[in-house]
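Notes to accompany the following structure.
Just so you know, all these numbers are worked out from the coordinates, no wet-lab data involved. Just so we're clear, the structure is a prediction, and the values are computed from it rather than from any experiment. For neighbour counting, all protein chains shown are included, and Cβ atoms are generated from backbone atoms with ideal geometry for every residue, glycine included.
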């Protein structure tokens with residue numbers, strides 16, 4: 001059932017997390033299930049990543065509100081020391097499977113009442129739940145659980161390694177920005193702080209706070225703008241934005257730049273939704289192309305164009321400088337606008353100037 005190739009794919013996903021969804025979907029299909037959910041649970045809440053086979057159903061389940069009555073997760077965590085997979089029929093009586101709202105009103109109707117799941121230690125205080133969802137029936141899920149137990153040591157090692165590597169990447173990203181005097185943090189799609197550097201921490205007392213683990217601005221108007229921007233992270237058309245961050249007296253002290261983690265910035269583990277960057281007003285310098293590229297996931301050519309715009313050059317002047325056509329420069333500039341969340345050259349210049357790198 002589980003050949004060396006699948007086990008190799010599991011360990012490859014440990015180092016390349018954007019492979020996890022494909023690997024976990026393949027695993028589910030081999031066992032006759034619909035798909036898999038990877039659930040990360042920590043002090044700041046729960047984040048769920050779904051494979052293609054169950055993504056639509058999981059989204060609908062979360063919208064239904066029934067997740068607040070999710071005895072599957074609660075009972076699984078209560079037996080977290082169990083070194084294997086447990087099924088819905090292990091965690092619930094036949095009467096409960098027939099009558100509890102999550103089953104009677106949703107899971108049974110979607111043929112998803114028979115699953116198998118296990119708890120795996122994640123990074124720090126986080127726990128991971130791997131749930132294989134939607135078997136044909138409870139007998140099938142119990143048979144699959146026995147097979148999954150044979151694979152669990154590989155899955156546990158690989159998932160734990162992915163979790164550790166993810167946290168190291170987040171910490172390294174904000175620490176690297178501190179080296180060039182940039183205050184930065186990483187938040188998840190609902191605004192919970194996942195990592196922040198010392199410069200960001202120093203600004204928290206004057207401008208920002210954590211309420212129930214969620215990033216909030218102290219000034220009411222700034223907080224409304226920040227909450228609206230974070231809400232946009234949860235949409236398919238998530239876009240970056242910049243807003244003035246005011247102290248309690250209403251004085252604009254910093255620009256806050258919210259940069260969504262798109263494309264390569266996301267993987268099966270990433271609840272991280274955006275990088276938050278704080279920049280003091282009035283910094284006249286322009287960051288180097290390498291920093292611009294790293295912050296906004298630009299290509300080298302796009303980073304050069306962005307820096308040139310920040311220096312005040314027109315598309316024609318940029319084209320002449322780099323021996324390129326104006327059409328090429330305008331196309332690159334369009335890509336830069338999309339990735340930085342601005343719509344005009346003047347906005348881009350202001351954005352990059354506020355990130356000024358004295359060493360550029």
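Compute the separation of the alpha-carbon centres of the stretch 1-32 and the stretch 91-163 and state it in Å as a whole number.
16
Could you order peptides 47-53, 312-318 by the average number of other Cβ atoms within 10 Å of their residues, highest first?
Answer by packing, highest mean first, reads 47-53, 312-318.
Can you tell me the relative contact order of the stretch 47-174? Whole percent, Cα pairs under 8 Å, sequence separation 6 or more.
Computed value for the stretch 47-174: 22 percent relative contact order.
Let a ≥ b ≥ c be the square roots of the eigenvalues of the Cα gyration tensor of the stretch 4-166; is it rounded (a/c under 1.5), or, if not, prolate (a/b larger than b/c) or oblate?
Cα axes put the stretch 4-166 in the prolate bin.
With a ≥ b ≥ c the root eigenvalues of the C-alpha gyration tensor of the stretch 185-232, is it rounded (a/c under 1.5), prolate (a/b larger than b/c) or oblate?
Taking the square roots of the gyration eigenvalues as a ≥ b ≥ c, the stretch 185-232 is oblate.
Arrange the peptides 22-32, 6-16 so that the one whose residues have, on average, the most other Cβ atoms within 10 Å appears first.
22-32, 6-16
I want to check the label-to-label distance for residue 311 and residue 22. Put each point 7 Å from Cα in the C-beta direction and report it in nm to one decimal.
4.0
At R0 = 51 Å, how high is the FRET efficiency between residue 150 and residue 325 if r is their beta carbon distance? Nearest 0.05 is fine.
0.30
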